[in-house]
Amino acid sequence: MATSTFSSLSCTPQSRLLSNQKTHTPSPSMSLLSPQVGHKSLYHPLRHNVSPIPMMKPKRIRVGGLVKASMDNKNVEVFSKEHLAVSLAKYVADLSNKFIKERGYFTVALSSGSIKYLRKLVEPQYYNSIEWSKWHIFWVEEKVVQKTHVDSNYKLTYDGFISKVPIPPHNVNTIDDALPADGAADVYETTLRRLVTSNVIAKSTSGFPKFDLVLLDMGPDGHIASLFPGHPTLSETKKWVTFLKNAPTPPPERITFTLPVINESSNIAMVVTGAGKADAVYSALQEAPSDYKLPVQLVSPKDGEFKWFLDKGAASRLYR
């Protein structure tokens, strides 16, 4: 994940930081993007906060092997890392069984940071309950590198998960790694359209694909998929898949689902771990209104369910 101002500010009181910064008021036309003043300013959203934000208090907390919290209207659960993997595995297995029973397929789109938490699905209690031949796997984002490259999300998923379960190879939908970023995005979108036409992927009322589950993670700067703060891809409303050639972290060339596709999903699970992301989690879950929004704050399913899976480090600012 990208290194950002969030991780470097996590130990500094927010009020003292903000008192030393210049106030910035975004124009209405730029409400979803950070100011476009030079290339370096695009990816530092905390520089443009105006005032401190009051702490949120969870409605209930149960402390034991896990902590569960309900924050206003947000579905947030906080676990130890081990309990997070167990809970996520049960959640995915239950959704898999539900959609296979209802639709005959289960379509799941993965992002890089969430992949490692699928490892529990290979354990007998989940493995034996899942009809793997009905799974169709996609990637919310992918680096435009060869599939054997260490940065490839496909390689990460194959090594840690796909190679251990009997999902048919033709149900694993990867990018064409022989193409440049723009071509890879176009071909990937063509793949999605074909599978929507054949009803493998459900179709939303607005015409976008409706994945059964999208597993997201979040960077310390609040980016999701490969949608970074201030990047023009955040404003894309027509395409299903778009591309970057200038991502702020290497490798620079990537493809990514657009926000409309993500927000049409039947279920979205946001999996966030590590104290380095605590500031971004706090900003995403606080209720104070703001003209400026992090990419993670733009995730808002139209008709689906949105659930947060946090470890105690990522949630640390929510409870102090």
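The values are calculated or read from the model by the stated rules, or taken from the named source; none is laboratory data. As the structure is a computational prediction, the values presented were derived from the model and not from experiment. Cβ placement follows ideal geometry from the backbone for every residue including glycine, while neighbour counts extend to all protein chains displayed. Ligands, DNA and RNA are stripped out before the accessible areas are found, and what is left, the full protein with its side chains, is counted by its heavy atoms. Shrake-Rupley method; radii C 1.70, N 1.55, O 1.52, S 1.80 Å.
Looking only at the range 295-320, which residues are assigned to a strand (DSSP E or B) and either open to solvent by 40 Å² or more (accessible area, probe 1.4 Å) or touching a Lys or Arg at 6+ places or on another chain (Cβ under 8 Å) (or both)?
305, 306, 308, 311 - these are the residues of the range 295-320 that are assigned to a strand (DSSP E or B) and either open to solvent by 40 Å² or more (accessible area, probe 1.4 Å) or touching a Lys or Arg at 6+ places or on another chain (Cβ under 8 Å) (or both).
Under 8 Å between Cβ atoms, which residue pairs at least 6 apart in sequence (or on different chains) link something in the range 191-206 that is free of Cβ contacts under 8 Å to residues at least 12 places away in the same chain with a partner that is part of a strand (DSSP E or B) and not polar (S, T, N, Q)?
Between residues of the range 191-206 that are free of Cβ contacts under 8 Å to residues at least 12 places away in the same chain and residues that are part of a strand (DSSP E or B) and not polar (S, T, N, Q), the close pairs are 203/209; 203/210.
If residue 83 meets every condition in (1) at pLDDT below 95; (2) closer than 17 Å to residue 173 by Cβ apart from one, which number is that one?
If we test residue 83 against (1) at pLDDT below 95; (2) closer than 17 Å to residue 173 by Cβ, just (2) comes out false.
Residue 108 - would you say it is touching a Leu at 6+ places or on another chain (Cβ under 7 Å), within 18 Å of residue 167 (Cβ to Cβ) and in a helix (DSSP H, G or I)?
Against the criterion (touching a Leu at 6+ places or on another chain (Cβ under 7 Å), within 18 Å of residue 167 (Cβ to Cβ) and in a helix (DSSP H, G or I)), residue 108 does not qualify.
Check off (1) open to solvent by 10 Å² or more (accessible area, probe 1.4 Å); (2) more than 15 Å from residue 160 (Cβ to Cβ); (3) in contact with a helix residue (DSSP H, G or I) (Cβ under 8 Å, 6 or more places away or on another chain) for residue 79 and give me the number that stays unchecked.
Condition (1) is where residue 79 drops out.
Considering each residue of the range 188-239, count those that are in contact with a strand residue (DSSP E or B) (Cβ under 9 Å, 6 or more places away or on another chain), of a type in the set (D, E, K, R) and open to solvent by 10 Å² or more (accessible area, probe 1.4 Å), and give that number.
5
Evaluate the range 136-158: report whether one residue or more is buried (at least 16 other Cβ atoms within 10 Å of the Cβ), without any contact (Cβ under 8 Å) to a residue 60 or more places away in the chain, more than 21 Å from residue 213 (Cβ to Cβ) and hydroxyl-bearing (Ser, Thr, Tyr).
Yes, the conditions are met somewhere in the range 136-158.
Name every residue in the range 176-197 that is of a type in the set (A, V, I, L, M), touching a Ser or Thr at 6+ places or on another chain (Cβ under 9 Å) and within 13 Å of residue 141 (Cα to Cα), in order of residue number.
185 - this is the single residue of the range 176-197 that is of a type in the set (A, V, I, L, M), touching a Ser or Thr at 6+ places or on another chain (Cβ under 9 Å) and within 13 Å of residue 141 (Cα to Cα).
Residues in the range 141-149: is at least one of a type in the set (D, E, K, R), in contact with a His (Cβ under 8 Å, 6 or more places away or on another chain) and either more than 22 Å from residue 258 (Cα to Cα) or in a loop (DSSP other than H, G, I, E, B) (or both)?
Looking through the range 141-149, none of the residues is of a type in the set (D, E, K, R), in contact with a His (Cβ under 8 Å, 6 or more places away or on another chain) and either more than 22 Å from residue 258 (Cα to Cα) or in a loop (DSSP other than H, G, I, E, B) (or both).
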